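In what follows, a single structure is set out as structure tokens and then discussed.
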Amino acid sequence: MIELTLEQQQLMDRADAFIRQCYQELARDEVEIERRIAEVMQQIIRTGAYEHTTEELTHGARLAWRNSNRCIGRLFWQSLAVLDARDAETAETAVEAIFEHMAYATNDGRVRPAITIFAQENKQSHGRNLRIWNHQLVRYAGYEQPDGSVVGDPHSVPFTRVCESLGWRGKGTPFDVLPLVIGAGDETPSFYEIPDELALQVPLTHPTEERFASLGLQWYAVPFISDMALEIGGIRYPAAPFNGWYMGTEIGARNLSDASRYNMLRPIAELFGYDMTTNTSLWKDRALVELNAAVLHSYKRAGVSIVDHHTAAEQFGRFEQQEHAAGRTITGRWSWLIPPMSPSATPIWHRGFDNTEREPRFSYQPKPYSD
Ligand code: ARG
């Protein structure tokens, strides 16, 4: 009799569930499923872990997207391009893989959803696990001023300090793209500037108000989340940056308008001449609409993929139908699925969701630095 640790048993359960689901969805026969499960169990007994085949990795990453309760864009889960970078051992080779991902995904503006998956967590050699320290691959620096105000993105203030402590110096504009920061295990990480052509930018203009451009606003073309872990069948991938395309409200109703971010509603209301002496003029709401119109207009004009929140909500409805047709239920988190502007004008507002978290999944993990 072989003695199994609790950890091994738990991993076996998660691996078993994943392999069955994966192979059933890929229409493999029972014999093959049982053969693969036996192989995986042997690996877990011998080494305490197992390795995914390319196919398992690909389908597993797509399932993690399909299971992302906070994501309204899941209709397109099957189109996710999965880039296998599990053999990248150094920060330098990881940076190369990341740059390739960025070029592939940006695609001159016709954004393609993609994920690059680096080595799985290795508990034995903890010191070698690669981590990307950035929250997103492209993000603007935030510089705290002596008076407590911030130039740039306040969300990036702690990470900008990390970059500066490593020797990085930004220009000091409100839109300085931060460098990539990548480390192996507990070692001091290195920073790598992102070439301009890999971090596509969109200057913001308004469809009718020409003076809008004078606000000097811009945003980056592609959101690449880089600080979440990917978990497939009990295996953790701590570095697995992924991207979709933007929904306009993420930029117009959060990044540029939140009081704790770029806080632009007041300057925009001023530009449009709204009455800011009273809340009842709805100047904030009017400014939000014009800012969001500018975001959608500017991305379209620049040829960069973007979706408005009404279309995204319709697509989410189609995702649900598609899942039901496949004999599956969907899970979701209402508070994240509703768009931050006019949510009650979308069907998502008027219903509830089962917020159970299924594996494969993307999960938060502790930051590799302290704020
Ligand atoms: N909300 C984040 C941002 O504004 C991006 C999250 C992912 N978004 C996406 N469309 N895939 O930067």
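Ordering Gly172, Phe272, Ser298 by the projection of their Cα atoms onto the charge dipole of the chain, which places +1 on the Cβ of Lys and Arg and -1 on the Cβ of Asp and Glu, puts Phe272 at the extreme positive end. Helical content alone sets the calculated 222 nm signal of the chain at -10500 deg cm²/dmol, taking -39,500 (n - 2.57) per DSSP H segment of four or more residues and averaging over every residue.
Cα centroids of region 340-367 and region 72-104: 24 Å apart. The local environment of Thr53, defined by Cβ-Cβ distances under 13 Å, has a net charge of -2 under the rule Lys, Arg +1 and Asp, Glu -1.
Region 129-169 and region 6-34 have Cα centres separated by 41 Å. In order along region 105-112, the Karplus-derived 3J(HN,Hα) couplings, from 6.51 cos²θ - 1.76 cosθ + 1.60 at θ = phi - 60°, round to 5, 5, 6, 6, x, 7, 4, 10 Hz, and Gly and Pro are given as x. Take the Cβ atoms of Asp285 and Ser335, set R0 to 25 Å, and the FRET efficiency comes out at 0.75. Summing charges over neighbours of Tyr299, with a neighbour being any other residue whose Cβ is under 14 Å away from its Cβ, gives 0 when K and R count +1 and D and E count -1. GNM remark for the chain: springs join alpha carbons under 10 Å apart, and the peak mean-square fluctuation among Gly216, Gly244, Gly73 falls on Gly216.
A prolate overall shape is assigned to region 1-52, the ratio a/c of its alpha-carbon gyration tensor axes (a ≥ b ≥ c) being 1.5 or greater and a/b exceeding b/c.
Largest first, how would Thr249, Thr90, Thr205 line up by accessible area (1.4 Å probe)?
Numbers: Thr249 0, Thr90 65, Thr205 30 Å².
Ranked from most to least accessible, the order is Thr90, Thr205, Thr249.
Provide the percentage of antiparallel DSSP beta bridges, counting only those with both residues in the chain; round to the nearest 5. Here the antiparallel bridges make up roughly 80 percent for the chain. Over all Cα atoms in region 271-371, the spread is summed up by Rg and Dmax: 18.5, 55 Å.
Of Phe175, Phe76, Phe224, which has the most accessible area and how do the rest follow, probe 1.4 Å? Could you put the intermediate results ahead of the total?
Details: Phe175 30, Phe76 60, Phe224 0 Å².
So, going from the largest accessible area down, we get Phe76, Phe175, Phe224.
Considering only Thr280, Thr311, Thr58, the mean-square fluctuation computed in a Gaussian network model of the chain, springs between alpha carbons under 10 angstrom, is largest for Thr280.
In debye to the nearest 20, how big a dipole does the chain give about its Cα centre with +1 on each Lys and Arg Cβ and -1 on each Asp and Glu Cβ? All intermediate terms of the calculation are to be shown ahead of the outcome.
Numbers: 36 positive and 49 negative charges, 156 e Å.
Result for the chain is approximately 740 debye, rounded to the nearest 20.
Estimate the FRET efficiency between Tyr369 and Asp84 by the formula 1/(1 + (r/R0)^6), using the beta-carbon distance for r and 30 Å for R0, to the nearest 0.05. Walk me through the numbers before you get to the answer.
Numbers: r = 28 Å, r/R0 = 0.92.
After rounding to 0.05, the efficiency reads 0.60.
In a simple Cβ point-charge model (Lys, Arg +1; Asp, Glu -1; nothing else charged), region 241-371 has a dipole of about 160 debye relative to its Cα centre.
Remark: region 135-264 carries 39 Å² of accessible area per residue (probe radius 1.4 Å; ligands, DNA and RNA excluded).
Taking the solvent-accessible surface of protein heavy atoms with a 1.4 Å probe, what is the per residue accessible area of region 328-371 in Å²?
Roughly 60 Å² per residue, with all protein chains present.
Where the accessible area of region 167-219 is counted over protein heavy atoms with a 1.4 Å probe, how much of it, in %, is carbon and sulfur? Working shown, then result.
Numbers: 1400 of 2790 Å².
The nonpolar share, carbon plus sulfur, comes to 50 percent.
Note on region 191-247 and region 256-324: Cα centroid distance 17 Å, given to the nearest whole angstrom.
Run the accessible area of region 1-145 with a 1.4 Å probe and give the carbon-and-sulfur part as a rounded percent. Intermediate results must be reported in sequence, preceding the final value.
Values: 3540 of 7050 Å².
Of the solvent-accessible surface of region 1-145, carbon and sulfur hold 50 percent.
Using a 1.4 Å probe on the protein chains only, how many percent of the accessible area of region 226-371 belongs to carbon and sulfur? Walk me through the numbers on the way to the answer.
Values: 3520 of 6920 Å².
Accessible surface attributable to carbon and sulfur in region 226-371 totals 51 percent.
With 0.36 nm allotted per residue and the present C-alpha distance subtracted, the Asp354-Glu144 stretch has 71.5 nm of extension available.
Ordering Trp168, Trp336 by how much accessible area each has at a 1.4 Å probe, largest first, what is the list? Spell out each step's value before the answer.
Details: Trp168 5, Trp336 135 Å².
Descending accessible area places them as Trp336, Trp168.
What dipole magnitude, in Debye to the nearest 20, does region 151-191 give about its Cα centre under +1 on Lys/Arg Cβ and -1 on Asp/Glu Cβ?
On the way: 3 positive and 5 negative charges, 36 e Å.
Dipole magnitude for region 151-191 comes out near 180 debye.
Considering only Asp176, Asp153, Asp13, the mean-square fluctuation computed in a Gaussian network model of the chain, springs between alpha carbons under 10 angstrom, is largest for Asp13.
The values are calculated or read from the model by the stated rules, or taken from the named source; none is laboratory data. From a predicted model like this one, the values you see are computed outputs, not experimental measurements. Glycine also receives a Cβ, built like all others from the backbone with ideal geometry; neighbour counts cover every protein chain displayed. Just so you know, the surface numbers come from the protein's heavy atoms only, side chains and all, with ligands and any DNA or RNA stripped out. Shrake-Rupley method; radii C 1.70, N 1.55, O 1.52, S 1.80 Å.
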